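The values are calculated or read from the model by the stated rules, or taken from the named source; none is laboratory data. Quantities reported herein were computed from a predicted structural model and do not represent experimental measurements. Positions of Cβ are backbone-derived with ideal geometry, glycine not excepted, and every protein chain shown enters the neighbour counts. The area values use the complete protein model at the heavy-atom level, side chains included, leaving out ligands, DNA and RNA. Shrake-Rupley method; radii C 1.70, N 1.55, O 1.52, S 1.80 Å.
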Amino acid sequence: QVQLAESGGGLVQAGGSLRLSCAASGRTFGSYAMGWFRQAPGKEREFVAAISWSGYSTYYADSVKGRFTISRDGPKNTINLQMNTLKPEDTAVYYCAAGNVLPTELSKVNYWGQGTQVTVSS
């Protein structure tokens, strides 16, 4: 069992940066691949970024590639999402996710966090 708790959301102007963190509890954190999804109002939840259990492999949605960076800190049981050059279309609730396989699709997620709001003003 893994519990996930996101933090770091907020309001930022377009072009600005935010750093999201996800704290995981559970002794088996290191064996899970992790990721981030987001859901904007009236839209389906979509994949943003994922990182392998080792931290050596990362994957990004095309819409965030080059602007967002996912990382994990094993000893601290956390993953982070550094978001730069934010755009109004990045506005959404961001969810932390854990999976037995790389969580690049909704069906590959075993655990979800509660979500954190990110709002980018124009």
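Taking every protein chain into account, the accessible area of the chain amounts to 52 square angstrom per residue (probe 1.4 Å).
Counting only protein heavy atoms, what percent of the accessible surface of the chain is carbon or sulfur at a 1.4 Å probe?
Values: 3040 of 6300 Å².
The value for the chain is 48 percent carbon and sulfur by accessible area.
Assuming charge only on the beta carbon of Lys and Arg (+1) and of Asp and Glu (-1), the dipole of the chain about its Cα centre is about 200 debye to the nearest 20. Among the trypsin sites (Lys or Arg not before Pro) within the stretch 3-69, those in coil by DSSP and having at most 15 neighbouring Cβ atoms inside 10 Å are R27, K43, K65, R67.
Computed from the Cβ-Cβ distance with R0 of 22 Å, the FRET efficiency linking D73 to E46 stands at 0.30. The number of Lys pairs in the chain with C-alpha atoms less than 22 Å apart, excluding pairs fewer than 8 positions apart on the same chain, is 5.
The GluC sites (Glu not before Pro) of the stretch 1-87 that DSSP puts in a loop, and whose beta carbon has at most 10 other beta carbons within 10 Å, are E44.
In terms of the Cα gyration tensor, with a ≥ b ≥ c the square roots of its eigenvalues, is the stretch 61-109 rounded because a/c is under 1.5, prolate because a/b exceeds b/c, or oblate? It is oblate, given that a/c is not under 1.5 and a/b is not larger than b/c.
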